[in-house]
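Some notes on the structure that comes next.
The values are calculated or read from the model by the stated rules, or taken from the named source; none is laboratory data. Computed from a predicted model, the values in this text were never measured in an experiment. All Cβ positions, glycine included, derive from the backbone under ideal geometry; neighbour counts span all protein chains shown.
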Amino acid sequence: MGLLAPLYALAALALAGPILFHLIRRQPRGEVSFSSLMFLSTSPPRLTRRSRLDNLWLLLLRMLALLLIAIAFMRPFLRQDQFLNTTLAGRHIVLLIDTSGSMQRSDVWTDAQRLATEVLGDLSLADRVALYSIDRELTALLPLDDLGNTAPDATQHAAKEAMLQLEPTWQSTELAEGLKSLADLIVSQSISDSLPPGTKHEVVLITDLHSGVRLEGLQGFAWPENINLDVRQALPAQAGNAHLSLLQAADAGPSQSTTDGRPVAVGSATAALRVRVENDSDAQGTTLQLSWADADGPLPGRATGLQIPPGQVRVVPLGERPPSADRIVLQGDAWDGDNTLYLVQPIRTTRQIVFCGTSQPLPEEDLSYFLKQAPLSSELVMREVVAVAANELPTRLESPETCAVVLEPTAAVLEQSAAIQRFADLGGVALLCLSRPALEDRNGVAGMDDLARFLRDLLQEPNLSVSEGATEDFSLLAKIDFTHPVFAPLSDPRFNDFSKLRFWSHRQVALPAESEVRTVASFDNRSPLLLEARRGKGRVWVLTAGWQPTASNLGLSTKFVPILMGLVDPQNSRRPSQLSYAVGDTIEVSDPQQVVVTTAQSEPVDQGQVVRHGQSIELRRPGLFWLQEGDVRRQIAVQVPVSESRLVPLDVAQLEQYGIAVGQLDSDVRRRESVRQMQREELESKQRLWQWLLVACLVVLVVETWLAGWQSR
């Protein structure tokens, strides 16, 4: 015998009611009050033989009726052990482990392993387990594809073994993209019948779920209704975290490079730094400390104390940088993993831009005047403009320091055609500016015929012709290729207005329709302004108008510097200028397979921490590293992603706001009990013993009513 609702057995306490009512002595009817007794105190009735139980048959019938009602509400059924011991069907469960940088906290990772062990321990022997990890991307450790060909106990054993080998990385958390990819994968597997179709799939996510995971990526994603997400949050023993970032570096000052092209370190001890320190809103402490440090730890006497309340930010000027310091260390918060900000001592090299052309009486009419005024140097490369005579041009072009040459087509320059072509073939950049009308015997400017022959040889276009452009008042740019690297920085609607750029004169270069010379920008009369031609390892530019004020207002325009920078230093030939990266960022290199990566102490880096792609590499841990590419050696800093430092825990209910079905995965014990309960309900609904009990109760009440009436007569 089994009971579906055993708590209703408490209703049997009502059996005490008839007994109490039978013990209560009835007062005689028709009681009359006498005035002479009002001054006497009432005496309680003494127990007599009439106070004992009588009418036992009525008492027993009434108690039996109450007992039958209580048993009916308990919904009894007759057990059938063979029916109740049904074997449960196995489930396909996906265990998703967060292995991002925030999981590097030892107590959080220990808690995550404990939660994973609990999940695996609560499964039945028929359940199959797939294991995935998520940081910047979804990684299959035990993929869904293999579940159909593997025994359930084997998948569980493999998952336990993989969890012992799994370690957190230092990468950021792309949880939203990972969940979407996993949901799409489950749906595709269900469509291909690799997973049972029409069943409810279970995903168990073990994560610290902090404020840096960026759940906004789930906005607009239709989460499948048959996928249940069980989120088990691993929390640290001590809440709160503080993190730092470099806010501003002071200018390194004037050139600090040598004239022979050797790299010289900039960012000297006089370069002041400002650091932004943010304390999380759930932090328990307010006292922090910033220190200059090296590989051996904080430098003595170079610490700065801070008082930052939870949820607030401070910007701290650290002053002069000690010569031996290569990092800034934060102390006093709950987690030390993100408390180091690595600094690179930038290496600056000298590159020369050689100018050879006419000399004008007014300085502003000289093309080299605007070249020298333009800020062409960067943090890593100092570019200086050197004006030379035509007879010095071959020597300058053979120098390894020369990266580009800017030419005006004088007769003397055209005589150096062979040296210019050889310079371009070897990888140099030649910019030919047709700044003035091509008239014989006018300040040495070459004639049209000589200029045309020079351009045909330089651009390798035999059908090219040159003439003076027809301009009534001024010409405007009508067509610009904003996909080209020269104009790509100006493609934003805020900067792509060239209507105020006017050209008073220009030269007209005619090209055949099938020419390989590319027209990057042209005037409103369809005459080209800027031409590009690849030659050998380098490239040749032809600008058909000058930038001096008598030719155009280009030199006075804010667009002059970005355009000129794109010409003398094309994007595909620039040396990488970025010094600081986050873990997992793409680092552009020339040949990833030949790049040698070492630590700041020139020790080899584990190859498992270096991911090589087509034209780039990735580093999977923070620190200072040297990249050796042939004869070029540069240092970079790899930081912990900022998103992995914002560690305020999120409420799991936020996932429900994006339409995700969040619920707890039933353990094998609970699942079996749930199935047994369903089977009990089914068995009880078939037997319906409660109906017969109620019929028996009605019969008892009929007998009790008849007996009570018979005794009263």
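Here are the numbers:
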{"quantity": "In segment 386-400, the residues that are surrounded by 17 or more Cβ atoms within 10 Å (Cβ to Cβ) and assigned to a helix (DSSP H, G or I)", "calculated": "Ala390, Leu393, Arg396, Leu397"}
{"quantity": "Sole exception among (1) in contact with a helix residue (DSSP H, G or I) (Cβ under 8 Å, 6 or more places away or on another chain); (2) not in a loop (DSSP other than H, G, I, E, B) for Arg114, by number", "calculated": "(1)"}
{"quantity": "Selection count where residues are part of a helix (DSSP H, G or I) and touching a residue at least 60 places away in the same chain (Cβ under 8 Å), scope segment 353-368", "calculated": "3"}
{"quantity": "Sole exception among (1) under 51 Å from the mean Cα position of the chain (by Cα); (2) small (Gly, Ala, Ser); (3) surrounded by fewer than 14 Cβ atoms within 10 Å (Cβ to Cβ); (4) modelled with pLDDT under 90 for Ala470, by number", "calculated": "(1)"}
{"quantity": "Members of segment 369-385 found to be in contact (Cβ under 8 Å) with a residue 40 or more places away in the chain, outside any loop (DSSP other than H, G, I, E, B) and either outside the structural domain of Ser435 (by TED's automatic domain parsing) or aliphatic (A, V, I, L, M) (or both), listed by number", "calculated": "Leu371, Val381, Met382"}
{"quantity": "Segment 189-210: number of residues that are in contact with a helix residue (DSSP H, G or I) (Cβ under 9 Å, 6 or more places away or on another chain) and either outside any loop (DSSP other than H, G, I, E, B) or among the polar types (S, T, N, Q) (or both)", "calculated": "10"}
{"quantity": "Residues being crowded, with 17+ Cβ neighbours inside 10 Å and closer than 20 Å to Val642 by Cα - total across segment 99-137", "calculated": "12"}
{"quantity": "Neighbours by Cβ (under 9 Å, 6+ apart or cross-chain): first from segment 516-533, aromatic (Phe, Trp, Tyr); second surrounded by 22 or more Cβ atoms within 10 Å (Cβ to Cβ) and part of a loop (DSSP other than H, G, I, E, B)", "calculated": "Phe523/His506; Phe523/Thr544; Phe523/Ala545"}
{"quantity": "Residues of segment 71-105 that turn out to be assigned to a helix (DSSP H, G or I) and at pLDDT 90 or above, as a count", "calculated": "4"}
{"quantity": "Candidate set from segment 601-614 (those that are over 22 Å from the mean Cα position of the chain (by Cα) and touching a residue at least 24 places away in the same chain (Cβ under 8 Å)); member that is farthest from Val329 (Cα to Cα)", "calculated": "Ser602"}
{"quantity": "Residues of segment 283-292 satisfying the condition of being surrounded by fewer than 19 Cβ atoms within 10 Å (Cβ to Cβ) and at pLDDT 90 or above", "calculated": "Thr287, Gln289"}
{"quantity": "Among the candidates Asp146, Asp184, residue that is modelled with pLDDT under 90 and either farther than 29 Å from Ala334 by Cα or not acidic (Asp, Glu) (or both)", "calculated": "Asp146"}
{"quantity": "Scan of segment 330-346 for residues that are surrounded by 20 or more Cβ atoms within 10 Å (Cβ to Cβ) and not in a loop (DSSP other than H, G, I, E, B), ordered by number", "calculated": "Leu330, Leu341, Tyr342"}
{"quantity": "Test result for Ser577, under 16 Å from Val344 (Cα atoms) and modelled with pLDDT under 85", "calculated": "yes"}
{"quantity": "Val204 vs. criteria within 27 Å of Arg105 (Cβ to Cβ) and out of contact with any Lys or Arg (no Cβ under 6 Å at 6 or more places or on another chain)", "calculated": "yes"}
{"quantity": "Candidates Pro604, Pro562, filtered to the one that is in contact with a Ser or Thr (Cβ under 7 Å, 6 or more places away or on another chain) and not aliphatic (A, V, I, L, M)", "calculated": "Pro604"}
{"quantity": "Criterion: in contact (Cβ under 8 Å) with a residue 12 or more places away in the chain, under 23 Å from Gly240 (Cβ atoms), out of contact with any Leu (no Cβ under 7 Å at 6 or more places or on another chain) and not aromatic (Phe, Trp, Tyr) - qualifying residue of Pro317, Pro309, Pro323", "calculated": "Pro309"}
{"quantity": "Selection count where residues are part of a loop (DSSP other than H, G, I, E, B), hydrophobic (A, V, I, L, M, F, W, C) and surrounded by 17 or more Cβ atoms within 10 Å (Cβ to Cβ), scope segment 224-237", "calculated": "1"}
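Matching residues to (1) crowded, with 19+ Cβ neighbours inside 10 Å; (2) at pLDDT below 90; (3) not in a loop (DSSP other than H, G, I, E, B):
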site	(1), (2), (3)
Ile420	yes, no, yes
Phe423	yes, no, yes
Leu431	yes, no, yes
Glu440	no, yes, no
Leu451	yes, yes, yes
Leu458	yes, no, yes
Phe482	no, no, no
Pro493	no, yes, no
